Amino acid sequence: MFIKNIRTFTLAPARLKKTNLRIIGSEIAAEGSSLVRMKNEQVVDLEGKLVLPGFVNAHTHLYSSLSRGMPMPSRAPANFTEILKNIWWKLDVALDEETLYYSALVGAIEAIRCGTTALVDHHASPSSIKGSLDLIKKALKEIGLRGVLCYEVTDRGGKKKRDEGLEENERFIEGNKTDEYFRGYVGAHAAFTLSDESLHLCGELAAKHNTGVHIHVSEDACEVKDAKEKHKSTVFGRLTPHKILTKDSILAHCVHLTPSEFKTSKEKECWLVHNPRSNMNNRVGYAPIHLFGEKCALGTDGFPADMLEEARFAFLKQRDSHLDGNVNDANLVTGGQRLITNIFGKKFGTFETGAPADLVVMNYNEPTPMEKDNLLGHYLFGMQSSMVESVMVGGRWVMKDRKIVGIDEDQIFARSRQLAKTLWIKMEKST
Ligand SMILES: [Zn+2]
């Protein structure tokens, strides 16, 4: 396929270029202003449109997709632990196979509409553990997204369910080691819901399969308190002995890490994921992203996978925090692409030859000059996900002119509304 008359836009490195692209199979075969159409090649003329590498959501929970608008507990949760117990742990336990499958479908559709082409998901469905990651994969495949999936191991449901969670991770990791679009990870909820033995099992499983642990870390101050009071330790003090902190680890939130823990995470080369909208909504505090280092990325933590919106919140919240310190915003908003480059072993976030053809076509008609030095300003203050016109994943159009290809979106949403209603009733009955 020959895509002509476009302007490619990247933030890291900052580049805006009038050019053409050749896509062969699932990859970018060539890029250049002097490229010409080959014989029999399909031509797509996108005169003046911006083309960006697909956005990547580095930490999310598709299982929460059907929570939008659900009735809140009669007594408002007083703190983070109550938010988990009275909302999310009631929701995840109420998920059955069809509901979790539709949660993934709905979340994937919304992701594509925002130009998000890959999701790093953290899944929980304690009443339906075995095969749950395959159902999410099936849903993402149907829509056309890439996914890095894991099951959230926790001690909250007892040893049997913990072990089922570990088995689900292992099964999925083994089955997707060479998949072009999917990988498995080891999911772990958080240090405060995992014993030392369970942390050890998660770390060992990741080491065995040469992968990483995807875990919530110091999201709320309660986790720091738990480590101190129950374990006479710190959060990192609990994770370090169990091979949780490695160059492949994905640590979400990191709101209450200490400067010395940030230093350790840099030494261990962990990935740190910033979730500004979720942090604000749960009132857990502000993550000092100026301490996150190079290996940082953005995640929506269950909010719709609108990475432009998440980037805007990250930027504005950082401004509002009055904290000193330089934040490399371009590095932060492109972190997800670097993360999955690490995971899939292919270079995402670029238009170089051999890069996966994951593209966002954006209808952005800039009202002010746009050039190399002010791309971030246009990205943060001008671009909206509603301007995403078409999306390609692995060389295939998954959304064309705002229409998701190959699915009946209305039918899916009609069914998801029914399932959400049933889910909410089930949750209410469990209170
Ligand atoms: Zn999360």
Since Trp271 meets every condition but one in (1) more than 24 Å from Tyr151 (Cβ to Cβ); (2) crowded, with 24+ Cβ neighbours inside 10 Å; (3) not β-branched (Val, Ile, Thr), which condition does it not meet?
(1)
Looking at the range 374-400 only, could you name the residues that are among the hydroxyl-bearing types (Ser, Thr, Tyr) and either surrounded by 15 or more Cβ atoms within 10 Å (Cβ to Cβ) or touching a residue at least 40 places away in the same chain (Cβ under 8 Å) (or both)?
Tyr379, Ser385, Ser390
Among residues of the range 282-304, those that are away from the ligand (no atom under 16 Å from the Cβ) and under 18 Å from Asn79 (Cβ atoms), counted
1
How many of the residues making up the range 57-76 are within 16 Å of the ligand (Cβ to nearest atom) and either in a strand (DSSP E or B) or of a type outside the set (Gly, Ala, Ser) (or both)?
7
List the number of the failed condition for Glu174; all other conditions in (1) closer than 23 Å to Leu339 by Cβ; (2) of a type in the set (Asp, Glu); (3) open to solvent by 10 Å² or more (accessible area, probe 1.4 Å); (4) touching a Ser or Thr at 6+ places or on another chain (Cβ under 7 Å) hold.
(4)
Flag if Glu97 is touching a residue at least 12 places away in the same chain (Cβ under 8 Å), open to solvent by 10 Å² or more (accessible area, probe 1.4 Å) and acidic (Asp, Glu)
yes
When His253 is run through (1) within 16 Å of the ligand (Cβ to nearest atom); (2) open to solvent by 10 Å² or more (accessible area, probe 1.4 Å), the failure sits at (2)
Condition (residue is over 26 Å from Ser64 (Cα atoms) and open to solvent by 50 Å² or more (accessible area, probe 1.4 Å)) applied to the range 303-316: is it met by at least one residue?
no
Among the candidates Lys208, Lys225, which residue alone is surrounded by fewer than 17 Cβ atoms within 10 Å (Cβ to Cβ), within 14 Å of Ala190 (Cβ to Cβ) and not polar (S, T, N, Q)?
Lys225
Against the conditions (1) within 13 Å of the ligand (Cβ to nearest atom); (2) free of Cβ contacts under 8 Å to residues at least 60 places away in the same chain; (3) farther than 29 Å from Ile173 by Cα, where does Asp220 fall short? Just the number, please.
(2)
When residues of the range 364-394 are filtered for being outside any loop (DSSP other than H, G, I, E, B), among the small types (Gly, Ala, Ser) and closer than 16 Å to Thr117 by Cα, how many remain?
3
Can you find, within the range 103-149, the residue that is farthest from Ser26 (Cα to Cα) among those that are surrounded by fewer than 23 Cβ atoms within 10 Å (Cβ to Cβ) and among the hydroxyl-bearing types (Ser, Thr, Tyr)?
Ser127
Name the single residue, out of those in the range 37-49 being surrounded by fewer than 17 Cβ atoms within 10 Å (Cβ to Cβ) and touching a residue at least 24 places away in the same chain (Cβ under 8 Å), that is nearest to Tyr379 (Cα to Cα).
Gly48
Kindly check whether there is at least one residue in the range 77-90 that is more than 16 Å from the ligand (Cβ to nearest atom), more than 23 Å from Glu409 (Cβ to Cβ) and open to solvent by less than 10 Å² (accessible area, probe 1.4 Å).
no
Does Pro356 count as in contact (Cβ under 8 Å) with a residue 12 or more places away in the chain and open to solvent by 30 Å² or more (accessible area, probe 1.4 Å)?
no
Exactly one of Asp134, Asp155 is in a loop (DSSP other than H, G, I, E, B) and among the acidic types (Asp, Glu), and that residue is Asp155
Can you tell me how many residues within the range 223-246 are within 24 Å of the chain's Cα centre (by Cα) and in contact (Cβ under 8 Å) with a residue 40 or more places away in the chain?
5
Here is a check on your reading of the model: is Leu419 touching a helix residue (DSSP H, G or I) at 6+ places or on another chain (Cβ under 6 Å) and more than 27 Å from Gly69 (Cα to Cα)?
no
Which of the residues spanning the range 173-217 are assigned to a loop (DSSP other than H, G, I, E, B) and more than 14 Å from the ligand (Cβ to nearest atom)?
Asn176, Lys177, Thr178, Asp179, Glu180, Tyr181, Leu194, Ser195, His209, Asn210, Thr211, Gly212
In this structure, is Lys161 more than 16 Å from the ligand (Cβ to nearest atom) and out of contact with any Pro (no Cβ under 8 Å at 6 or more places or on another chain)?
no
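The values are calculated or read from the model by the stated rules, or taken from the named source; none is laboratory data. Nothing here was measured: the structure is a model prediction, and the numbers come from that model. Methodologically, a virtual Cβ is constructed for each residue, glycine included, from the backbone with ideal geometry; neighbour enumeration extends over all protein chains shown. With ligands, DNA and RNA removed, areas are computed over all heavy atoms of the protein, side chains included. Shrake-Rupley method; radii C 1.70, N 1.55, O 1.52, S 1.80 Å.
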